[in-house]
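Take a look at the structure set out below.
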Amino acid sequence: MKSRDYVFKGLLRCQNCGCSMTPEYHRKTNGKEYILYSCTNAKGICKREYVNESNLLKPIYEILDKFGTISEKTQEDLVAELRKNTEKEVVFHKTQMHRIHNEYESAKKKDDRLLEVFLDERIPKDDYDRKHQEIQDKLQLLNIELEEYQKADYNYQTTVSTVISVARRARSIFENCSEPAEKRAFLSFLLQNPTVKAKKLDFTLASPFNLVLELADCPTWLRGSDSNRQPTR
C-alpha cells in the first residue's frame, strides 16, 4: 500500500526543542478526514500537542493573499523605481545568483554526507531515501530558479518583474498544485525556517519574496493603496 504524502512533511520543526513535526492521518466515523501534526519529542522535553494542518495553512494563505493585493500598476512602479539605479540592478542580480549557488552547493554537500552515513550503515535505507529525495527536491527548485535568472540575461527589469508577477499569482499557483509534494516544493521555495510553537506556524519569507513585500509596503510607491495592510511576517 502506497504511503500517504503530506504538505508539510519534512518541513516543520518544533520551536521549543528543535525536533521534527510529524504528520498523522485521521478519519472520523462520519467520514471526515483530517491531518494532525505533532512534535516527535525525540529529546523528551516536549508535551505532545496536535495541530490541524488546516490551521497551519491559515497564515500561509494570509501571506499569499497579501501578495495578491499588489496591483499591476504597483508592479510597474516598483520595476521603474528599481531600474533608476544601475548599481542596485547589478547588486540584486548578483546577490540572487550568489544565494542560489551557495544553497545549491550546501545541499549537494549535505547529500554527499547523507550518502556517507548510509554507506556506513548508520541510518536505515528508508530514512536515507526520504532525506535524499527532500534534498533532490530542493536542488530541482534551485535549478528552476537559476534558469529564471539566467533567462533574464542580467536584465534587471525582467528579473524583478518576473519575481513580482509570480508573487502576485502565488495563491493561484499554490492552489493549482494537485499533489502534496508539489505544494511542499512551493512552500520550500517560499518559506524560511518554518517552526511550530503553541500550535501556531512561525516563519520568515525567503528571498526574494521578502523583498517584494518590503518594497510593496513602501507608501511612496503604494499611493492610494489600502492603509490597513498588515506588516510583513
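Every read-out reported here was derived from the displayed coordinates using simple, explicitly stated rules and does not represent laboratory data. Because the structure is predicted, anything quoted here is derived from the model rather than measured. All Cβ positions, glycine included, derive from the backbone under ideal geometry; neighbour counts span all protein chains shown.
Rg of the Cα atoms in segment 16-66, relative to 2.2 N^0.38 Å, amounts to 1.38. Computed over every Cα-Cα pair of segment 13-216 and binned at 5 Å starting from 0, the pair-distance distribution P(r) comes out as 1, 6, 12, 15, 17, 16, 13, 9, 6, 3, 1, 0, 0 percent.
Packing, taken as the mean count of other beta carbons within 10 Å per residue, orders the peptides 196-206, 21-31 from highest to lowest as 196-206, 21-31. Listed values for segment 110-116 are Karplus-derived 3J(HN,Hα) couplings in whole Hz (6.51 cos²θ - 1.76 cosθ + 1.60, θ = phi - 60°), namely 5, 5, 5, 5, 4, 5, 4, and x replaces Gly and Pro. The calculated FRET efficiency for the pair I123 and E175, based on their C-beta separation and a Förster distance of 41 Å, comes to about 0.70.
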